[in-house]
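Accompanying notes for the structure given below.
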Amino acid sequence: MFNLNFDISEFLTQYWQKKPILIKNAFPNFEDLISADELAGLACEESVASRVVVTKPNDWQIIEGPFEDYDQFGDENWQLLVQALNHWHPDSSEFINAFRFIPDWRFDDLMVSFATPGGGVGAHIDNYDVFIIQGEGERHWTVGDKGQYAPKNNDPTTPLIEGFEPIIDAVLEKGDLLYIPPGYPHQGQTITLAMSYSIGFRAPSQQELFSEMADALIDANSGLKRFTSSDEPKLASHISTSHQQDMMALITELAAEPASYQAMLGKMLSQNRFELDICEPEEAYTNEDICDYIEQGALLYRIGGLKLLKLEDDSESRIFVNGEAIEYSVTIETDVQQLCEHFRFENEKAAILIQTPATLALILDLLNRGYFYFGE
């Protein structure tokens, strides 16, 4: 089990999305989730997003995976980064669970780094919240304050910056945690061979929300109300202030009506940036198959990284899963909440769930979509 050794309420009130903090020994007796060799093996897989960052004098080289071997990189000044470990490594689910005081819709992925001495990516700024947890080895981290920073080599497209004055300057050891909100510059440099874990949380931008809303309106052939006016400008070439405001009010009107945006938000926020390890069965399960598996002692698992989301005050009884809406009977609301809240179900709990026909039907649907699977 992974238990955080700090006051979560205090963290949410004083630090979350406000300012960075270093918490020493946040995970007492922390053990790495995966070995360096296992991580290197994962990065050989085509479906796994990975890259090696090689540190060079005043520059960095990024090499995208998959990788066949690592001898070419030598013993220093590089690190291997593997995205979405939680999609491919079931044992990471308990670690993810420790951070679910932040809602699932924000969760992006669990990235793992194996780094050699001198490995790092340079001073940079991210647009998401990140928790960095140190595993084996040591890394030196510095974090600066928010501000205006010159891009590295005057390149406006790079997240790298020229440098900053640290407000946090520390060496992270096993079990230490560094939280960095969006907009704060930071840099990590490896001291000894090291494993570290980055848990990222993202939120949609205005651009993304407008784009998704437009697509949803087009797909549903809705949002067809047109602008009308009660007065016209005196000059034919003018777009009056009142006309400008009334046109934009059409957008505000849509944003104020839950039926116009709830499905869009649910589908958008339940999707993942990285590929999921979908477990579609070779032959579709039946109700009898499910009962047989449970009778034989099987456990019920959700695939790694899958989000099951519910909208508070939704106009319909539905969950959003991997960009899809799945409806269910309102009579099984409690069971659905259980399916959304837990990554796995012990045999006894699964046996109770399938006793309700509507719940059994929903589980059957999730199994046949490859979103749930049976295991030991």
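Worth a mention:
- Failed item, numbered, when Ile319 is tested on (1) touching a Cys at 6+ places or on another chain (Cβ under 7 Å); (2) farther than 30 Å from Phe210 by Cα: (2)
- Here Glu136 meets each of (1) within 30 Å of Leu309 (Cα to Cα); (2) charged (D, E, K, R); (3) buried (at least 17 other Cβ atoms within 10 Å of the Cβ) with one exception, condition (1).
To keep it simple, each residue is scored yes or no on (1) under 21 Å from Ala115 (Cα atoms); (2) of a type in the set (A, V, I, L, M); (3) over 19 Å from the mean Cα position of the chain (by Cα).
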site	(1), (2), (3)
Leu22	yes, yes, yes
Cys44	yes, no, yes
Ile63	yes, yes, yes
Trp88	yes, no, no
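- For Gln189: the one exception among (1) outside any strand (DSSP E or B); (2) touching a His at 6+ places or on another chain (Cβ under 7 Å): (1)
- 1 or more residues aliphatic (A, V, I, L, M) and within 23 Å of Phe95 (Cα to Cα): qualifying strands (runs of 3 or more DSSP E) within segment 124-185: 129-134, 166-172, 177-180
- Scanning segment 204-215 for residues that are over 21 Å from Tyr128 (Cβ atoms) and open to solvent by 70 Å² or more (accessible area, probe 1.4 Å) yields a total of 1.
- Of all residues in segment 111-130, those that are over 14 Å from Tyr197 (Cα atoms) and open to solvent by less than 30 Å² (accessible area, probe 1.4 Å) have Cβ atoms under 7 Å from Cβ atoms of residues that are small (Gly, Ala, Ser) and outside any strand (DSSP E or B), 6 or more apart or on another chain, in Ala123/Gly163.
- At least 1 residues being open to solvent by less than 40 Å² (accessible area, probe 1.4 Å) and either over 30 Å from Phe343 (Cα atoms) or in contact with a Ser or Thr (Cβ under 7 Å, 6 or more places away or on another chain) (or both) is the threshold, and among the helices (runs of 4 or more DSSP H) wholly inside segment 216-331 those reaching it are 241-255, 258-269.
- For Ser9: the one exception among (1) under 21 Å from the mean Cα position of the chain (by Cα); (2) assigned to a helix (DSSP H, G or I): (1)
- Being in contact with a helix residue (DSSP H, G or I) (Cβ under 9 Å, 6 or more places away or on another chain), within 21 Å of Asp108 (Cβ to Cβ) and open to solvent by less than 50 Å² (accessible area, probe 1.4 Å) is not true of Leu353.
- Residue in segment 79-94 that is part of a loop (DSSP other than H, G, I, E, B) and surrounded by fewer than 13 Cβ atoms within 10 Å (Cβ to Cβ) present: no
The values are calculated or read from the model by the stated rules, or taken from the named source; none is laboratory data. This one's a predicted model, so the numbers in the text were calculated from it and none came from an experiment. Cβ atoms come from the backbone with ideal geometry, glycine included; neighbour counts cover every protein chain shown. The accessibility values were calculated without ligands, DNA or RNA, using every heavy atom of the protein model including side chains. Shrake-Rupley method; radii C 1.70, N 1.55, O 1.52, S 1.80 Å.
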